Amino acid sequence: MSKGDRWLIWVFLAPASVLLAALMYYPMIGTVIESFFDSSFISATPKFAGFEVYRKVLATRDFSEVLWNSIYWTLGVVALQNLFGFFTALLLNEHIPGRGMLRALVLLPWILPGVVTAILWRFMYDPQLGLINSLLIRFGLMDEGAAWLADSSTAMAAVIFAAVWKGFPFSALIYLAALQNVDREQLEAATIDGAGAWRRLWDVTLPALRSVVVVNVVLTLILTFNYFDMVWVLTRGGPQNATHIFPTKIFELGFGQFRFGEAATYGVFSIMVLAVLVSLYFIAQSVVTGRRRTS
């Protein structure tokens, strides 16, 4: 490659690089700088406080609650979303009547906007008129309606269930595409050898999908950890901080209480976690690419 060709490559990359720096790296650096300044609703003028802002945030009970809620939320949604998505993909991969229509219907929750989905589930969870309580009472599982989103012991589980309902079609779509590439000859050979459905799944299908599972899990970890609208519309982080995760806490501190320094500090911790997850994603991608090249 000549020197002129190298310059031409940089010329073509320059617009995208400038746009990426302006929209991503500049706000990220600004957030880190903002985290060293303290401000409040009463005193909106930022004052340099250095690492004192970090010390104050780490010493609060809110941070430990947000950290635990974020772990609980992320792992719960990712585990259930991938589990339901995988078994849904297995079902839709079979030759069943109306398979094409079922595949289209399964995608419906995923294509709905997050805010719309959250509003629908708020009606579903309504203590008086909600469908969830009506069904539970009708089948004799409850005597009276429960305030799912207003009870700190059930709010997080209710939000996770709603998020899984919206997100599992994404995982199902990825797994369904991967199932098309499973070697049919190996499945037929296992069937001839007397292997049942679970044995074929464990010994043939899952090993063939291992790389896809790893990439999908890491990708959904990133998306779920950074998810905002579902939790905010359903509970706004309540009750009593029971469902506050990093994105909702950052929004509340920054735009609700004008404590921009503390909001930026939460943002820095969020960026650190996301950086680790993104690194894991690229590692998983490189592992998958290496296996494809060797196979």
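Just checking, which of S64, S153 is part of a helix (DSSP H, G or I), surrounded by fewer than 13 Cβ atoms within 10 Å (Cβ to Cβ), modelled with pLDDT of 90 or more and small (G, A, S)?
Just a single option satisfies the conditions, and that option is S64.
Quickly run through the stretch 179-189 and pick out the residues that are assigned to a helix (DSSP H, G or I) and either charged (D, E, K, R) or in contact (Cβ under 8 Å) with a residue 60 or more places away in the chain (or both).
Those that are assigned to a helix (DSSP H, G or I) and either charged (D, E, K, R) or in contact (Cβ under 8 Å) with a residue 60 or more places away in the chain (or both): L179, R184, E185, E188.
Which one is farthest from I174 (Cα to Cα), of the residues in the stretch 113-128 that are in contact (Cβ under 8 Å) with a residue 12 or more places away in the chain and aromatic (F, W, Y)?
Filtering the stretch 113-128 for residues that are in contact (Cβ under 8 Å) with a residue 12 or more places away in the chain and aromatic (F, W, Y), the one farthest from I174 (Cα to Cα) comes out as Y125.
Among the residues in the stretch 95-111, are any charged (D, E, K, R) and under 30 Å from V213 (Cβ atoms)?
The answer is yes; a qualifying residue exists.
Take G145 and tell me if it is out of contact with any Phe, Trp or Tyr (no Cβ under 9 Å at 6 or more places or on another chain), closer than 26 Å to W232 by Cα and buried (at least 17 other Cβ atoms within 10 Å of the Cβ).
Yes; evaluated as a whole, the condition is true for this residue.
Which one is nearest to E252 (Cα to Cα), of the residues in the stretch 29-61 that are of a type in the set (D, E) and in a helix (DSSP H, G or I)?
Ranking the candidates gives E34 first.
For the structure I just gave you, tell me whether R259 is charged (D, E, K, R) and within 22 Å of the chain's Cα centre (by Cα).
The answer is no for R259.
To keep it simple, each residue is scored yes or no on (1) over 27 Å from the mean Cα position of the chain (by Cα); (2) of a type in the set (D, E).
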| residue | (1), (2) |
| --- | --- |
| G76 | no, no |
| F84 | no, no |
| G114 | no, no |
| D126 | no, yes |
| L131 | no, no |
| L136 | yes, no |
| M142 | yes, no |
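Would you please name the residue that is surrounded by the fewest Cβ atoms within 10 Å (Cβ to Cβ), looking only at residues in the stretch 93-112 that are of a type outside the set (V, I, T), touching a residue at least 12 places away in the same chain (Cβ under 8 Å) and closer than 29 Å to D229 by Cα?
L108
Which pairs turn up if I take residues in the stretch 243-258 that are surrounded by fewer than 21 Cβ atoms within 10 Å (Cβ to Cβ) and look for partners that are not in a loop (DSSP other than H, G, I, E, B) with beta carbon separation below 7 Å, at least 6 apart in sequence or on another chain?
Every condition considered, the pairs that remain are F251/W232; G254/F260; G254/A263.
What number of residues in the stretch 48-71 are within 20 Å of F225 (Cα to Cα) and touching a strand residue (DSSP E or B) at 6+ places or on another chain (Cβ under 6 Å)?
0
In the stretch 23-74, what residues are in contact with a His (Cβ under 8 Å, 6 or more places away or on another chain) and either on the phi > 0 side of the Ramachandran plot or of a type in the set (V, I, T) (or both)?
V66
Say we look at the stretch 109-136 and pick out the residues that are among the polar types (S, T, N, Q) and in a helix (DSSP H, G or I); which of these is farthest from V159 (Cα to Cα)?
S134
If V217 satisfies every condition in (1) part of a loop (DSSP other than H, G, I, E, B); (2) more than 24 Å from S35 (Cα to Cα); (3) among the hydrophobic types (A, V, I, L, M, F, W, C) but one, which is the exception?
Evaluating V217 over (1) part of a loop (DSSP other than H, G, I, E, B); (2) more than 24 Å from S35 (Cα to Cα); (3) among the hydrophobic types (A, V, I, L, M, F, W, C) leaves (1) as the failure.
So, of the residues in the stretch 161-192 that are of a type outside the set (K, R) and out of contact with any helix residue (DSSP H, G or I) (no Cβ under 9 Å at 6 or more places or on another chain), which turns out to be nearest to I132 (Cα to Cα)?
Q180
The values are calculated or read from the model by the stated rules, or taken from the named source; none is laboratory data. All values derive from a computational prediction rather than experimental measurement. Note that we place each Cβ from the backbone using ideal geometry, even for glycine, and neighbour counts take in every protein chain shown.
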